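Asker: One structure is given below, represented as structure tokens, and several questions about it will come after.
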Amino acid sequence: METIRVAGSQFPALALRRYGSSDQVVVLLHGFPADGRLWRDVAPLLAADFSVIVPDLPGVGGSILPEGSLSVEDLALAVKTMLDELGVPKVVLAGHSMGGYAALAFAEQFPELLVGLALVHSTAKADTEEKKEQRRKTIALIEKGGRETFIKQMIPGLFSSLTRERKPELVQEQILQGLEVAGAALVKFYEAMMKREDRTKILENTGFPVQWVFGKEDTLLPLPQVLGQTNLTDVSFISVYDNAGHMSMLEQPVQLAADLKRFGQYCYNR
Ligand code: MLT
């Protein structure tokens with residue numbers, strides 16, 4: 001793992017993992033409550049064809065949580081800061097769930113840097129009022145010391161029933177990864193997600209292709225609620241996985257790596 005420290009930046013330390021050595025770069029952003037290890041099965045499979053960069057977003061793993069409030073725009077800026085330091089001019093940016101919200105904010109702020117955008121179990125819509133209320137309750141629970149309860153309750157629901165039954169170790173591993181995230185970071189991520197804007201307009205005006213990855217058993221973002229967004233973009237790659245919930249990078253890593261590779265190659269060669 002490498003760590004980047006930029007003098008004067010709002011991000012005291014940004015950690016990342018790098019695989020491969022191509023000048024075609026794919027960046028993989030993890031979701032909540034995880035860190036770059038989430039992509040451990042997918043990143044090496046892409047490394048034969050791309051340089052793969054897997055950051056820890058600020059607040060998890062080796063990346064320090066900045067002072068003050070956090071927004072998905074801040075997460076996007078952290079990625080931009082990292083790319084500038086690495087001298088990377090263009091990327092295919094893939095974001096899982098909250099990482100997708102950050103990737104959409106990146107697409108809004110720095111469209112000229114994007115060759116393609118992959119949204120893996122994510123959405124361009126803002127939180128509904130119901131979702132915001134649910135998040136407020138979770139923040140209250142965490143602030144009362146219920147961090148562990150929350151993580152242990154939420155993580156199993158991210159996986160398909162088959163994964164829970166046949167690969168309980170994956171669920172356990174994510175619970176442990178989630179338990180490493182400090183309560184203050186969990187709260188700031190939730191606040192960032194609650195205040196994020198609807199970014200469907202971004203999809204209507206992209207100059208780059210968009211890939212969509214869905215799990216048939218994703219209860220966080222059920223297929224009927226998100227599939228409609230795929231019509232907004234000019235070029236959409238769509239993958240829908242059986243036996244996957246919200247976590248296809250762990251539940252279907254070989255298929256996801258193959259789909260990301262096909263998308264990345266299309267983006268760089270069109
Ligand atoms: C994630 O998987 O990154 C988050 O749970 C997404 C969310 O809460 O909206």
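A short reminder: the numbers here are calculations on the coordinates, not readings from a lab. Values in this document were obtained by computation on a predicted structure and should not be read as measured data. In this analysis, Cβ positions are derived from the backbone assuming ideal geometry, glycine residues included, and neighbour counts consider all displayed protein chains.
Asker: Output the direction-averaged projected area (hull surface divided by four) of the convex hull of the alpha-carbon atoms of the chain, in nm².
Answerer: Reported value for the Cα convex hull: 12.9 nm².
Asker: Once the Cα atoms of segment 157-270 are picked out, what are the Rg and Dmax in Å?
Answerer: 16.2, 44
Asker: Principal axes first, then extents: for the Cα atoms of segment 19-118, list largest minus smallest coordinate on each axis, whole Å, largest first.
Answerer: 39, 29, 23
Asker: Please report the antiparallel percentage of DSSP beta bridges with both residues in the chain, rounded to the nearest 5.
Answerer: Once the DSSP bridges in the chain are tallied, antiparallel ones form about 25 percent.
Asker: Divide by every residue of the chain the summed helix terms, -39500 (n - 2.57) for each DSSP H run of at least 4, and state the resulting mean residue ellipticity at 222 nm, rounded to the nearest 500 deg cm²/dmol. All intermediate terms of the calculation are to be shown ahead of the outcome.
Answerer: Working: 12 runs with 114 residues, N = 270.
Helices in the chain give a 222 nm mean residue ellipticity of -12000 deg cm²/dmol.
Asker: What helices does the chain have that are whole DSSP H segments, at least 18 Å long along their own axis by Cα, and with mean Kyte-Doolittle hydropathy of -0.5 or more?
Answerer: Helices passing the filter in the chain: 72-86, 253-269.
Asker: Taking neighbour counts of Cβ atoms within 10 Å as a proxy for exposure, in what order, fewest first, do K188, K261, K80 appear?
Answerer: K80, K261, K188
Asker: May I pose another question? At 0.36 nm per residue, minus the direct Cα-Cα distance, what do D242 and K216 gain on full extension? Give it in nm, one decimal, please.
Answerer: Between D242 and K216, full extension yields 8.8 nm more.
Asker: I would also like to ask the following. Give me, ordered by chain and number, the residues 5 or more places off G215 or on other chains with an amide H under 5 Å from its own placed amide H.
Answerer: When sequence neighbours closer than 5 places are left aside, the close amide H contacts are Y241.
Asker: Now a separate question. Just to verify a number: FRET efficiency for A258 and E85, C-beta to C-beta distance, R0 = 45 Å, to 0.05?
Answerer: On the way: r = 31 Å, r/R0 = 0.68.
In this case the efficiency is close to 0.90.
Asker: Give me K131, K90 sorted ascending by neighbouring Cβ count inside 10 Å, so fewest comes first.
Answerer: Fewest to most other Cβ atoms nearby, the residues stand as K131, K90.
Asker: Could you please rank L220, L75, L227, L16, placing first whichever residue has the fewest other Cβ atoms within 10 Å of its Cβ?
Answerer: Fewest-to-most ranking of L220, L75, L227, L16: L227, L220, L16, L75.
Asker: Another question about this same structure. Once you have the alpha carbon radius of gyration of segment 37-193, what is it after dividing by 2.2 N^0.38 Å, with N set to its residue count?
Answerer: Cα Rg divided by the expected 2.2 N^0.38 Å: 1.09.
Asker: Given a cut-off of 23 Å, name the pairs among K125/K152; K152/K261; K137/K188 whose C-alpha atoms lie farther apart than that in the structure shown.
Answerer: K125/K152; K152/K261, as the Cα separations exceed 23 Å there.
Asker: For the residue pair E108 and M194, what label-to-label distance in nm results when each label sits 7 Å from Cα along the Cα-to-beta-carbon direction?
Answerer: Inter-label distance under the simple model: 1.8 nm.
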